[in-house]
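Accompanying notes for the structure given below.
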Amino acid sequence: MNYHFLRRCHRGALASQRARPARPAALVVLTSLLLPAIGTAGLMGPAAAGQPNPTPGGDNVTLLGGTHWLGPGPGTYRLRLGLHASHPAEETVTPILYGPLSSRSQFDIARTGEEVDFLYQGPSIPLAKLHRDKAGGYDLDLAVNRPDGLSLSRTGIYPVQVLLEDAGVRTAPPLTTFLVYAGTDAASFPRLRLALVLPSLDEVTATASSLGGSAFGQTTLGVNHPSGASRGAPGAGAPVPGAQPGTGAQPGTGEPTGLVADAAMLASQPVPVTFGIGAAELNALASGTAAQRMALVRLRAAVAGGDELLPSTSVPVDLPSLVASGLGRDIDGLVAEGAAQVGQFLGQPPSNKTWAFPDGVDSQTVEELQGMGATQLALPGAALSGLPPAFQNLTFARPARLRNAGPVEVYGADPALSAELGTSAPRAQWPLLAQQFLAEAAMIDLEQPSDIRGVVVMAPAHHAVPLSFLRRVLSGLRDNPLVQAVTLDDAFDHVPPALSGTTPLVRDLVTVRPARPLAGISQLGTARGAVAAAGQVFGSRSPFVRQLSVRLTQSLASYYSAAQRAGLIAQVFGEARSQLAKLRLPAGATVTLTSLQGSVPLTLLSSSSAPARVRLVMSSEQLSFQAKRFSEGPCRPVGFGSEQCQLTLVRPTTVLEIPISVRTPGVFQLSMRLLTADGRSQITASTETVRSTAFPDVGIVLIIGAALFLAVWWARNARHGRRAKRLVPAGQEYEGSGYEIRGTAAGDPAAGDPGAGDPTVPIRGDGQ
């Protein structure tokens with residue numbers, strides 16, 4: 001009883017208000033006080049997002065489309081409605097127009113369905129009299145600046161409500177949208193620059209072949225995933241067998257998604273958009289179906305038509321995580337390779353000047369990007385420090401200077417508009433949300449219509465942008481009299497930075513998501529060394545080495561788990577070492593030399609099908625080496641007792657006759673090491689035994705001379721010995737002399753010698 005009474009009082013108040021020229025607020029006060037008191041606040045409007053919700057009876061009003069804006073002069077504001085009425089023969093539709101809004105805070109209040117200053121109520125129209133199109137939508141037209149309609153001259157944002165009623169009683173929550181009117185005065189004001197940034201296009205599934213061969217089969221490459229990737233990650237980090245790039249549908253909506261749909265949308269809307277796309281996605285499209293290859297053509301046309309490409313890496317990686325892992329130097333190579341591949345597919349490579357991070361970024365990563373030429377960053381508003389009070393009254397719509405980052409300028413993406421890009425609302429509500437998005441952007445412009453200002457609207461991380469919603473937004477931005485769509489680079493170039501006094505406003509980075517090092521990379525350095533060694537031996541451009549390099553780079557991708565990453569790195573390392581192990585040296589051989597100069601036969605084995613460039617190093621302290629050139633390459637002595645050979649092995653067995661010289665006969669060790677071509681890594685090592693039985697000529701001369709000397713000495717010794725025997729009496733001994741003469745001396749009295757006692761042979765003693 002009270003419900004019907006209040007509803008009829010409300011209609012009577014609206015009808016009487018239409019006849020008054022002023023805009024009283026009595027109705028606002030009445031409804032704000034009485035309706036919540038009786039628990040009918042839900043009847044005043046939808047939830048905070050301005051989305052109509054069906055009532056228990058099932059009646060509801062939805063927006064299917066309509067006029068985005070009206071220019072000066074006469075026009076028709078059309079709303080295409082979806083109506084569900086329990087009693088269509090009895091129910092009516094009533095439009096209500098409210099006064100222009102003066103601030104964004106008023107806009108937020110009006111969007112929730114709360115009534116503001118009343119301006120115009122149209123007639124209640126029976127549903128049966130509304131024009132119904134083939135798709136089932138109802139067209140509701142409001143005449144503007146016509147004799148039979150409402151009169152508007154002032155540029156502004158006018159809330160519009162559509163009521164579904166039965167006998168004067170609302171049967172559904174009112175639909176709240178906005179009429180954007182640009183009067184003659186709008187032409188003299190600069191339009192708000194709006195940069196629409198899509199850091200990544202929609203999800204795409206790429207096969208392993210498009211990535212150079214994955215150890216884990218097919219891998220889903222997606223975008224905006226909670227893994228924290230700056231450019232994409234799969235839904236669960238797991239392969240999706242049989243999936244094709246750019247196919248599928250928005251869950252629960254049936255709307256096509258993926259790069260095929262995205263490319264068609266971008267190519268069909270001549271409105272500047274800033275987007276990012278990686279080489280992996282483009283490779284997948286290039287090797288896909290006819291529709292996917294056509295999507296590549298459309299993306300190329302979109303870029304040629306003015307869309308801006310964001311920098312990307314060759315595989316989707318989390319740049320802050322790379323920096324935190326000590327892999328900051330890898331970023332330059334990843335970005336350069338990604339730019340080259342994207343440029344090859346889309347006609348022009350992205351510039352490293354402007355970057356966008358929907359997840360935020362840390363100062364260390366900013367330093368790395370600065371070294372690559374980055375001077376402009378777009379970040380979420382929450383990733384930057386708060387604004388001074390002087391900038392808090394109106395929407396902050398200018399770039400600022402980033403503290404301690406040299407000349408780097410930063411834009412904080414508008415949080416409200418950016419959140420709408422990542423809406424998770426049902427598909428039926430997307431047209432209304434798109435209409436409200438465009439009206440809110442125009443409201444920002446009218447806050448300070450005479451100033452040059454700009455906002456960045458960036459899709460939030462880990463949320464896909466509904467395609468129909470985005471298409472409607474781009475359509476409403478085309479030729480919009482209050483909002484000008486620009487690229488992110490243009491927003492920086494044409495919107496003056498905010499000033500705090502006479503100096504640029506400085507903002508600090510706020511860590512939204514602390515960077516965590518990549519897990520599972522403990523063997524990365526060792527694996528890189530093995531791949532580099534294989535590149536030195538088999539050539540860095542050989543298919544095998546290139547595949548290993550791609551897979552090792554791919555291991556840094558953010559869509560891998562720690563275990564998958566560690567497994568892939570270990571597999572690459574094992575394959576590189578296995579390939580190098582196909583090169584072998586003989587072990588334990590013994591070579592016998594019978595002359596002072598000869599050659600040592602060395603056998604090098606290779607079971608690789610590719611030519612191998614190696615360095616052979618031989619050394620021995622007792623051997624001398626000589627220079628020689630073989631068909632496989634030259635050998636030359638290096639220092640004392642060492643030789644190096646630069647060889648290219650093309651046959652399974654290569655035998656080299658290494659010329660050597662020995663100094664002396666004996667058994668010697670010949671050490672051999674097989675190295676990479678640059679000599680930095682050892683492939684294998686071995687030792688041979690060299691036995692020499694030859695004597696040098698000078699040795700023979702010395703032996704003969706020694707023999708002759710001994711012979712002469714013995715001959716002389718024998719002759720002098722016999723003479724001494726005759727001169728010295730036998731058995732004679734002299735005290736203190738140390739000599740004893742044995743036998744009978746001549747003149748010995750005992751022997752009856754007549755000359756006895758006459759010392760004819762003087763013998764010298766010790767004391768003489």
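Take the alpha carbon gyration tensor of the stretch 114-163, find the square roots of its eigenvalues, order them as a ≥ b ≥ c, and report rounded if a/c is under 1.5; if not, report prolate when a/b exceeds b/c, else oblate.
In terms of gyration-tensor shape, prolate.
For V260, V655, V197, give the ranking by accessible area with the largest first, probe 1.4 Å.
Greatest to least solvent exposure: V655, V260, V197.
Protein chains only, probe 1.4 Å: how do T354, T594 rank by accessible area, largest first?
Solvent-accessible surface, decreasing: T594, T354.
Which cross-chain or sequence-distant (5 or more) residues have an amide H under 5 Å from the amide H of I125, H modelled 1.01 Å from N in plane?
It is V93, T94, by chain and number.
Could you pull out every residue, at least 5 positions away or on a different chain, whose amide H is within less than 5 Å of the one on W355? Hs are placed 1.01 Å off N in the peptide plane, and Pro or chain starts have none.
Q376, L377, A378
To the nearest 10 square angstrom, what accessible area does W69 show with a 1.4 Å probe?
Number for this one is 80 Å².
Assign unit charges at the C-beta atoms only (+1 for Lys and Arg, -1 for Asp and Glu), then state the dipole size of the stretch 493-572 relative to its Cα centre in Debye, rounded to the nearest 20.
Numbers: 8 positive and 2 negative charges, 65 e Å.
Using only the charged Cβ atoms, the result is roughly 320 debye.
When only the heavy atoms of the protein chains count and the probe is 1.4 Å, how do E643, E337 rank by accessible area, highest first?
So, going from the largest accessible area down, we get E337, E643.
Using unit Cβ charges (K, R positive; D, E negative) and no other charged atoms, how large, in debye to the nearest 20, is the dipole of the stretch 252-329 about its Cα centre?
240
So, in Å, what gap is there between the alpha-carbon centers of the stretch 256-320 and the stretch 53-115?
36
Can you classify the stretch 629-677 as rounded, prolate or oblate using the Cα gyration tensor, where a ≥ b ≥ c are the square roots of its eigenvalues, rounded means a/c under 1.5, and otherwise it's prolate if a/b beats b/c and oblate if not?
prolate
Taking a ≥ b ≥ c as the square roots of the eigenvalues of the Cα gyration tensor of the stretch 283-403, is the shape rounded (a/c under 1.5), prolate (a/b larger than b/c) or oblate?
Note, shape of the stretch 283-403 comes out oblate.
In debye, nearest 20, what is the charge dipole magnitude of the stretch 578-645 about its Cα centre with +1 on Lys and Arg Cβ and -1 on Asp and Glu Cβ, if you could check?
260
Which whole-Hz ³J(HN,Hα) couplings does the stretch 157-174 yield from phi under the Karplus relation 6.51 cos²θ - 1.76 cosθ + 1.60, θ = phi - 60°, glycine and proline marked x?
Along the stretch 157-174, the couplings run 10, 10, x, 10, 10, 10, 9, 9, 10, 10, 6, x, 10, 5, 9, 7, x, x Hz.
Short version: ³J(HN,Hα) in whole Hz for each residue of the stretch 567-584, in order, from phi by Karplus 6.51 cos²θ - 1.76 cosθ + 1.60 (θ = phi - 60°), x for Gly and Pro, what are they?
For the stretch 567-584, the Karplus curve yields x, 5, 5, 5, 5, 4, 4, x, 5, 5, 5, 5, 5, 5, 5, 6, 9, 9 Hz.
So for the pair Q626, D139, with labels modelled 7 Å out along Cα→Cβ, what separation do we get in nm?
10.3
Which listed residue (F640, Q571, V650) has the Cα farthest towards the positive end of the charge dipole for the stretch 556-683, taking +1 on Lys and Arg C-beta and -1 on Asp and Glu C-beta about the Cα centre?
Projecting each Cα onto the dipole axis, the largest value belongs to Q571.
The values are calculated or read from the model by the stated rules, or taken from the named source; none is laboratory data. These numbers were taken from a predicted model, which means no experiment stands behind them. Backbone-built Cβ (ideal geometry, glycine too); neighbour counts: all protein chains shown. All accessible areas refer to the heavy atoms of the entire protein, side chains included, with ligands and DNA or RNA removed. Shrake-Rupley method; radii C 1.70, N 1.55, O 1.52, S 1.80 Å.
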